[in-house]
1. Does I190 satisfy the condition of being surrounded by 15 or more Cβ atoms within 10 Å (Cβ to Cβ) and not in a strand (DSSP E or B)?
2. Being over 26 Å from D269 (Cβ atoms), within 16 Å of the chain's Cα centre (by Cα) and not acidic (D, E) narrows it down to one residue among L142, L160, L148, L156; which is it?
3. Can you name the number of the only condition in (1) farther than 24 Å from S57 by Cβ; (2) of a type in the set (A, V, I, L, M); (3) modelled with pLDDT of 85 or more that A126 fails?
4. In this structure, is A217 surrounded by fewer than 19 Cβ atoms within 10 Å (Cβ to Cβ) and closer than 30 Å to F103 by Cβ?
5. Hey, could you check the stretch 146-167 for residues that are in contact (Cβ under 8 Å) with a residue 12 or more places away in the chain and outside any helix (DSSP H, G or I) and say which is least open to solvent (accessible area, probe 1.4 Å)?
6. Could you please let me know if I284 is hydrophobic (A, V, I, L, M, F, W, C) and open to solvent by less than 80 Å² (accessible area, probe 1.4 Å)?
7. Report, by residue number, each residue of the stretch 5-16 that is over 13 Å from H48 (Cβ atoms) and either surrounded by 14 or more Cβ atoms within 10 Å (Cβ to Cβ) or at pLDDT 90 or above (or both).
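The values are calculated or read from the model by the stated rules, or taken from the named source; none is laboratory data. Everything quoted here is computed from the prediction, not taken from an experiment. With ideal geometry, Cβ positions are generated from the backbone for all residues, glycine too; neighbour counts draw on all protein chains shown. Surface areas here come from the heavy atoms of the whole protein model, side chains and all, with no ligands, DNA or RNA. Shrake-Rupley method; radii C 1.70, N 1.55, O 1.52, S 1.80 Å.
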Amino acid sequence: WLAYSKNKQGAFCKWCVLFAKEVDLELGQLVTSPLHEFAKGADYLAKHEKLAYHQFSKTKAESFKRTQEDKTSSGAEMLNTEAEVSKLRIRNGLESIVKAIVFLARQGLPLRGHRAESKGSIDTNAFSGMTIKAQDENGGNLLSLLSLQCSSDSPLAEHLQKSSKNRIYISKTSQGRIIEEAARQITQKITAEIKESRLYSLMIDECGDRSNKEQLAITARYVHHKEVKEKFLVECTEGTSGSSIAQMISTQLEDLGLDLNDMVALTTDGAGNMMGRIRGTAAILQESVPNLVHVHCLAHNLNLVVVAASKSRYIQDIFTKVQAALSFFSPSPKRTEALKQKIQESDRSECVKLKLKDVCGTRWVDRYNSLETMLILL
């Protein structure tokens with residue numbers, strides 16, 4: 001489809017020159033003007049080949065060629081051409097939308113605006129790029145990212161401009177479906193690796209979320225190609241008793257296509273519903289898998305030891321004084337700034353600690369950091 005014009009001293013797409021004007025789109029280089037910069041020509045040609053009007057022109061050119069060679073009518077093909085162009089345009093645009101959603105999901109960023117009812121939209125006529133219009137002035141990260149992409153992603157811009165509103169696929173429903181599909185494919189890849197390794201262990205832990213609803217996370221640990229891997233598998237929310245959790249684990253493994261008998265170890269915390277000798281999760285699973293080894297989480301064990309040791313009167317006095325110092329400085333911006341200035345004026349100018357750190361009630365690592373900060377500043 002590429003041709004060189006001696007008269008214009010540049011390259012053209014001969015298909016688009018002949019047929020693209022029928023589509024009524026804004027035509028770019030290689031159609032209305034020649035391509036002169038050949039150093040970056042390969043990238044530009046690759047982008048041009050994905051454009052919907054190029055695909056339309058290709059179909060028209062092939063149809064015209066067949067008509068001339070066969071001398072037969074191609075009326076049915078011509079009727080389907082517009083539908084094919086629309087499908088190609090949507091597919092090319094949807095590819096960029098999926099990449100944007102997956103990027104935001106991997107970064108842990110929200111897709112929509114700070115209000116659930118945010119009605120952000122993309123203004124395609126503002127300038128050569130695209131801008132956001134929203135009733136609450138925050139269309140969200142996804143719309144902002146798509147607007148940024150449009151300035152350099154012609155297929156995406158064309159899709160958002162020309163596709164019908166019910167086929168743009170940027171609604172919250174479409175976003176949810178894309179995320180669910182991405183999660184399904186990731187889980188399939190992990191389960192395939194586990195099946196290849198055959199043997200695996202599970203680490204499970206439950207925790208209440210902000211809505212006071214219990215969440216159970218299941219993580220698999222296995223060896224794949226001589227590399228130890230730990231991958232999050234699934235989240236469950238059906239009951240907190242030992243039998244309920246054991247049933248959830250069995251059901252989830254069955255849904256994922258994993259054999260319960262290939263599980264060699266189970267790691268939990270020391271909660272009664274996990275470690276109970278009769279109705280604990282580990283005991284119930286060991287009835288089905290007799291050789292299953294149950295391990296009390298070592299980090300949880302260490303934390304219990306540290307918390308128990310912290311009940312000593314001398315250690316409690318230390319933490320009480322640290323907490324009192326923190327309570328004196330932290331609530332007051334004026335006192336915090338005074339402390340910061342004193343630290344900066346001290347002989348230890350290289351000190352990077354400029355404020356006290358809170359004493360965590362459950363994690364021994366954070367308790368250590370709090371004491372270390374106090375010692376340095378003291």
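1. Working: surrounded by 15 or more Cβ atoms within 10 Å (Cβ to Cβ): yes; not in a strand (DSSP E or B): yes.
So I190 fits the description; yes.
2. Details: L160 fails: within 16 Å of the chain's Cα centre (by Cα); L148 fails: within 16 Å of the chain's Cα centre (by Cα); L156 fails: within 16 Å of the chain's Cα centre (by Cα).
Exactly one residue qualifies, and that residue is L142.
3. For A126, the failing item is (3).
4. Details: surrounded by fewer than 19 Cβ atoms within 10 Å (Cβ to Cβ): yes; closer than 30 Å to F103 by Cβ: yes.
The answer is yes for A217.
5. Start the filter on the stretch 146-167 by keeping residues that are in contact (Cβ under 8 Å) with a residue 12 or more places away in the chain, which leaves 146-151, 153-163, 167.
If we keep only those that are outside any helix (DSSP H, G or I) as well, we get 151, 153, 163.
Working: S151: 83, D153: 30, S163: 12 Å².
Step by step, filter the stretch 146-167, then rank; the result is S163.
6. Working: hydrophobic (A, V, I, L, M, F, W, C): yes; open to solvent by less than 80 Å² (accessible area, probe 1.4 Å): yes.
When the stated conditions are applied, I284 passes them.
7. Narrowing the stretch 5-16 to residues over 13 Å from H48 (Cβ atoms): 5-10.
Within the stretch 5-16, just G10 meets the criteria.
Here's the yes/no breakdown for (1) out of contact with any Gly (no Cβ under 7 Å at 6 or more places or on another chain); (2) surrounded by fewer than 12 Cβ atoms within 10 Å (Cβ to Cβ); (3) modelled with pLDDT of 85 or more:
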site	(1), (2), (3)
L302	yes, no, yes
V307	yes, no, no
Y314	yes, yes, yes
Q323	yes, no, yes
P333	yes, yes, yes
T362	yes, yes, no
